[in-house]
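Undergrad: Below: one structure in structure tokens.
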Amino acid sequence: MGCDRNCGLIAGAVIGAVLALFGGILMPVGDMLIEKTIKKEVVLEEGTIAFKNWVKTGTTVYRQFWIFDVQNPDEVAKNSSKIKVKQRGPYTYRVRYLAKENITQDVEDSTVSFVQPNGAIFEPSLSVGTENDTFTVLNLAVAAAPHIYTNSFVQVVLNSLIKKSKSSMFQTRTLRELLWGYKDPFLSLVPYPISTTVGVFYPYNDTVDGVYKVFNGKDNISKVAIIDSYKGKKNLSYWPSYCDMINGTDAASFPPFVEKSRTLRFFSSDICRSIYAVFESDIDLKGIPVYRFILPAKAFASPLQNPENECFCTEKVISNNCTSYGVLDISKCKEGKPVYISLPHFLHASPDISEPIEGLNPNEEEHRTYLDVEPITGFTLQFAKRLQVNILVKPARKIEALKNLKRNYIVPILWLNETGTIGDEKAEMFRNQVTGKIKMLGLVEMVLLGLGVVMFVAFMISYCACRSKNRK
């Protein structure tokens with residue numbers, strides 16, 4: 001009887017030890033299986049989860065616009081007063097709904113090339129008005145003329161055409177005209193062939209962005225989705241030194257197994273440069289743990305604050321010898337047009353940039369850019385890209401519409417918020433196929449290990465107690 005009891009206790013302890021051992025072994029083995037599965041599924045090739053969502057995003061992406069309506073145009077043009085603006089919006093469009101085209105795999109260098117078609121569909125239910133709403137905004141053609149044509153004689157000729165077309169420093173345009181293009185009366189009088197259509201995003205609809213060539217991760221998963229070339233070039237030809245490099249992904253996804261200490265680098269054709277984001281916090285997105293990465297203030301800092309930005313300062317006068325910060329001159333990639341990019345309401349910009357403008361209210365929560373990245377797969381499941389488009393206006397003695405100006409203005413035209421969040425159906429599928437399985441495996445590991453240890457300890461204590469009792 002005593003032997004049977006002792007044997008049973010020893011057997012229980014052995015079973016517990018085996019369960020604990022199995023649970024311990026399952027941890028590294030399970031991690032290896034997960035890693036192997038993830039590495040297979042994030043490769044950009046036919047048949048993987050990543051490829052299916054990469055070709056055509058399952059996330060609805062919206063681009064919201066807020067227009068800066070100028071309240072005192074005559075006062076500014078006559079007296080060089082501060083520009084008073086009133087933000088109006090949002091006006092919402094659905095974008096990025098078209099699948100990538102011309103997808104071509106290159107087996108030799110493990111890359112895939114494609115173009116991204118552009119299209120925008122107005123969403124009245126998500127907007128404060130219609131595409132026919134009107135705004136008083138800077139005259140884009142008049143403001144750009146002295147920048148593109150610096151010769152005094154040419155400016156005299158242009159001035160006569162500006163006067164003949166009855167154009168001025170400011171104009172009234174509908175939302176549709178301002179965003180997507182209108183026939184400019186001044187440019188229509190220019191006696192040699194030039195494009196007479198002007199718009200902040202003209203041309204956009206029925207155009208494509210690319211060609212992009214990215215690594216598919218087939219031979220090296222740590223390079224998946226990283227851009228190898230853009231429009232056939234590995235450098236942009238806009239900036240000196242390393243600032244000209246195309247560095248990172250397109251921000252839709254990143255190489256898997258993202259760590260909080262990693263800096264996420266991505267390229268944006270909207271701002272004609274590569275930029276980066278740093279970890280801010282852990283977020284629960286529809287039951288999926290994600291890491292929130294944000295665009296740090298130092299990304300747009302002056303070279304004095306961030307020496308890495310020295311090669312982005314290509315102009316000394318407007319930037320006050322590279323001491324101003326918070327705006328980026330992208331005129332070189334806009335055919336010489338004086339376009340400056342910033343965060344909305346000049347968030348994180350130096351005081352001299354926003355001083356000539358009244359009506360701005362920068363807010364970190366509302367105006368910052370962020371990416372919510374699922375760390376195991378590297379997929380971006382939620383994002384908000386926020387940018388402001390500005391035009392530089394300088395005094396021009398030969399152009400009457402600008403001759404009364406006594407200072408330079410970086411005039412805000414509009415700001416945009418491009419957002420996307422994984423849908424409920426996609427989130428459920430993601431939980432079931434990725435995070436749910438990982439959680440279940442982790443739970444099984446812990447149950448086996450915990451149960452095994454408890455059984456081993458309990459049966460061993462009982463066995464020792466029994467032995468001690470039998471001796472007595």
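Undergrad: Answer yes or no as to whether ILE103 is hydrophobic (A, V, I, L, M, F, W, C), at pLDDT below 85 and out of contact with any Cys (no Cβ under 9 Å at 6 or more places or on another chain).
TA: Considered against the rule, which asks whether it is hydrophobic (A, V, I, L, M, F, W, C), at pLDDT below 85 and out of contact with any Cys (no Cβ under 9 Å at 6 or more places or on another chain), ILE103 comes out as no.
Undergrad: Could I ask something else about it? Can you name the condition, by its number, that THR174 falls short on among (1) open to solvent by 60 Å² or more (accessible area, probe 1.4 Å); (2) under 31 Å from the mean Cα position of the chain (by Cα); (3) of a type in the set (Ser, Thr, Tyr)?
TA: Answer for THR174: the failing condition is (1).
Undergrad: Now, a different point. State all residues of the stretch 78-119 that are in a loop (DSSP other than H, G, I, E, B), of a type in the set (D, E, K, R), farther than 30 Å from GLU358 by Cα and touching a strand residue (DSSP E or B) at 6+ places or on another chain (Cβ under 8 Å); if no residue qualifies, say none.
TA: ARG96, LYS100, ASP109
Undergrad: Is there any pair with a first residue in the stretch 286-304 that is within 25 Å of ASP329 (Cα to Cα) and free of Cβ contacts under 8 Å to residues at least 24 places away in the same chain and a second that is among the small types (Gly, Ala, Ser) and outside any helix (DSSP H, G or I) whose Cβ atoms are under 9 Å apart and which are 6 or more apart or on different chains, and what are they?
TA: Qualifying pairs under 9 Å: PRO296/ALA277.
Undergrad: Say we look at the stretch 54-77 and pick out the residues that are part of a loop (DSSP other than H, G, I, E, B) and at pLDDT 95 or above; which of these is surrounded by the fewest Cβ atoms within 10 Å (Cβ to Cβ)?
TA: Checked the stretch 54-77; the qualifying residue surrounded by the fewest Cβ atoms within 10 Å (Cβ to Cβ) is GLN71.
Undergrad: Considering only the stretch 207-223, how many residues are within 15 Å of LYS36 (Cα to Cα) and aliphatic (A, V, I, L, M)?
TA: So the count comes out to 1.
Every residue, every condition in (1) buried (at least 19 other Cβ atoms within 10 Å of the Cβ); (2) modelled with pLDDT of 95 or more; (3) farther than 30 Å from LYS223 by Cα, yes or no:
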{"position": "PHE114", "(1), (2), (3)": "yes, yes, no"}
{"position": "ASN118", "(1), (2), (3)": "no, yes, no"}
{"position": "ILE121", "(1), (2), (3)": "no, yes, yes"}
{"position": "LEU126", "(1), (2), (3)": "no, yes, yes"}
{"position": "GLU131", "(1), (2), (3)": "no, yes, yes"}
{"position": "THR134", "(1), (2), (3)": "no, yes, yes"}
{"position": "LEU138", "(1), (2), (3)": "yes, yes, yes"}
{"position": "ALA141", "(1), (2), (3)": "yes, yes, yes"}
{"position": "TYR149", "(1), (2), (3)": "no, no, yes"}
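Undergrad: Something else now. Against the definition (buried (at least 16 other Cβ atoms within 10 Å of the Cβ), over 23 Å from SER269 (Cα atoms) and within 25 Å of the chain's Cα centre (by Cα)), how does GLN87 come out, yes or no?
TA: It is true that GLN87 is buried (at least 16 other Cβ atoms within 10 Å of the Cβ), over 23 Å from SER269 (Cα atoms) and within 25 Å of the chain's Cα centre (by Cα).
Undergrad: Quick one: what pairs do we get from the stretch 307-318, first residue closer than 9 Å to TRP239 by Cα, second open to solvent by 100 Å² or more (accessible area, probe 1.4 Å), C-beta under 7 Å, 6+ apart or different chains?
TA: Cβ pairs passing all conditions: CYS311/TYR242.
Undergrad: Here is a follow-up. Quick one: would you say MET429 is surrounded by fewer than 20 Cβ atoms within 10 Å (Cβ to Cβ), modelled with pLDDT of 70 or more and either in contact with a Pro (Cβ under 6 Å, 6 or more places away or on another chain) or over 30 Å from PRO362 (Cα atoms) (or both)?
TA: Yes.
Undergrad: For a quick check of your reading of the model, give me the residue pairs whose first member lies in the stretch 171-196 and is closer than 18 Å to ASN159 by Cβ, whose second is at pLDDT below 95 and open to solvent by 60 Å² or more (accessible area, probe 1.4 Å), with beta-carbon atoms closer than 8 Å and at least 6 apart or on different chains.
TA: LEU187/SER195
The values are calculated or read from the model by the stated rules, or taken from the named source; none is laboratory data. Note that the coordinates shown come from a computational prediction; the quantities given were computed from them, not determined experimentally. Here Cβ is always computed from backbone atoms with ideal geometry, including for glycine, and neighbour counts include all displayed protein chains. Please note that ligands, DNA and RNA were not included when accessible areas were found on the heavy atoms of the full protein model with its side chains. Shrake-Rupley method; radii C 1.70, N 1.55, O 1.52, S 1.80 Å.
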